[in-house]
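The values are calculated or read from the model by the stated rules, or taken from the named source; none is laboratory data. Predicted model only: the values in this text are computed from it and were never measured. Because the Cβ atoms are built from the backbone with ideal geometry, glycine has one as well, and the counts that use them run over all protein chains shown. With ligands, DNA and RNA removed, areas are computed over all heavy atoms of the protein, side chains included. Shrake-Rupley method; radii C 1.70, N 1.55, O 1.52, S 1.80 Å.
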Number of protein chains: 2
Amino acid sequence: MKLHSFLSIILFVVVFQRVTYPQQTIPPKPISDTAQTSLLKTDADFNKLAAQKGFIDAFLAYMADDAILFPAGSGPITGRENIRKHLSDGPADAILSWQPQKAYVAISGDLGCTYGTSEYKFKGQDGKPVIHYGKYITVWKKQPDKSWKFILDIGNQSPPPEKK
Amino acid sequence: MKLHSFLSIILFVVVFQRVTYPQQTIPPKPISDTAQTSLLKTDADFNKLAAQKGFIDAFLAYMADDAILFPAGSGPITGRENIRKHLSDGPADAILSWQPQKAYVAISGDLGCTYGTSEYKFKGQDGKPVIHYGKYITVWKKQPDKSWKFILDIGNQSPPPEKK
């Protein structure tokens, strides 16, 4: 039984840690904190890949097969090819980048989410750069190979950041 | 140790179920399905409360203390009083309703999310009804009293549903 085995392993790890380090004075970082840091890094790596290879390839690399996009102004979009088409709809020079701010991960480590801010930049018809500011929530599912892939992604517009 | 106790209880329940019903021919519904149904019902109950008492009271009833709203066109909003103020910003006769479509719940049952479609209705300046269609993702956290409260909520606009 998969769940049984999974929990036995976790229980073993927890017990093992207690037995091995009963006297440690510095408490270990909570499991959830480590998992949150890991998921936050995944989202940051996702953004890095978008900077390197373009956001369309990055989305295709980080999406689960059953992922759903929830773009503003459109209905939900499912399927790798539909998602590729939708992401290609914008200006050819468009750059999407984002800054993950926080991650939440379930105790079991199989489900999590991140949120952050985003910028969608392209050159307007007058040749001047246009930036659409936004924020997003991405829901992630741990895959059988232990990697995180996103299953849901939604964003909406934000006002431009206040000038300092 | 909280996590240890929690896992021991789950392990006990799993083992107990196997010992008690070793010969059952109808396999029990997967845990995740039951949890998903329960969370989907919570979101539906949330919408019912909005219909009965107004969406502002419903949001205040179903939000976790550290919940964050991500409204389109505004920055993230935190804190009960700020959230109340933001939700009160619209037309006095505004009605927000939604239809939860799917829920995801972690194996550990402490984190989940729902998505669905929404309508925001009010009377326009010309006296005619205005409807803004949308979709949303809500992230939920199981509370110490075993109830689900939302910790993140985001939505964006959708085109009107196609006429049949």
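General observations
- The range A:86-113, residues that are under 21 Å from A:A51 (Cα atoms) and at the interface with another protein chain (Cβ under 10 Å from one of its Cβ atoms): A:Q101, A:K102
- Hits in the range B:137-158 - residues which are out of contact with any Phe, Trp or Tyr (no Cβ under 6 Å at 6 or more places or on another chain), within 19 Å of A:G134 (Cβ to Cβ) and open to solvent by less than 70 Å² (accessible area, probe 1.4 Å): B:V139, B:L152, B:D153, B:N156
- Test: B:I68 is at pLDDT 95 or above, over 17 Å from the mean Cα position of the chain (by Cα) and not aromatic (F, W, Y): no
- The range A:114-140, subset polar (S, T, N, Q) and within 21 Å of B:I137 (Cβ to Cβ), residue farthest from the other protein chains (Cβ to nearest Cβ): A:S118
- Hits in the range A:75-96 - residues which are open to solvent by 30 Å² or more (accessible area, probe 1.4 Å) and assigned to a strand (DSSP E or B): A:T78, A:I95, A:L96
- Pairs where the first residue, in the range B:141-164, is at the interface with chain A (Cβ under 8 Å from one of its Cβ atoms) and the second is acidic (D, E) and open to solvent by 30 Å² or more (accessible area, probe 1.4 Å), C-beta under 8 Å, 6+ apart: B:K141/B:D110; B:I151/B:D66
- Residue count for the range A:54-85 under the criterion of being within 14 Å of chain B (Cβ to nearest Cβ) and hydrophobic (A, V, I, L, M, F, W, C): the result is 7.
- Put simply, of A:F16, A:F59, A:F46 the only residue that is at pLDDT below 95 and either assigned to a helix (DSSP H, G or I) or buried (at least 16 other Cβ atoms within 10 Å of the Cβ) (or both) is A:F16.
- Some residue of the range B:104-119 being farther than 21 Å from A:Y115 by Cα, charged (D, E, K, R), over 18 Å from the mean Cα position of the chain (by Cα) and assigned to a strand (DSSP E or B): no
- Count of the range A:97-136 residues, restricted to those that are open to solvent by less than 20 Å² (accessible area, probe 1.4 Å) and charged (D, E, K, R), is 1.
So that you can scan it fast, the table gives a plain yes or no per residue for (1) on the phi > 0 side of the Ramachandran plot; (2) out of contact with any Lys or Arg (no Cβ under 6 Å at 6 or more places or on another chain); (3) among the acidic types (D, E):
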position: B:S108; (1), (2), (3): no, yes, no
position: B:S118; (1), (2), (3): no, yes, no
position: B:G134; (1), (2), (3): no, yes, no
position: B:T138; (1), (2), (3): no, yes, no
position: B:K142; (1), (2), (3): no, yes, no
position: B:D145; (1), (2), (3): no, yes, yes
position: B:I151; (1), (2), (3): no, no, no
position: B:I154; (1), (2), (3): no, yes, no
position: B:E162; (1), (2), (3): no, yes, yes
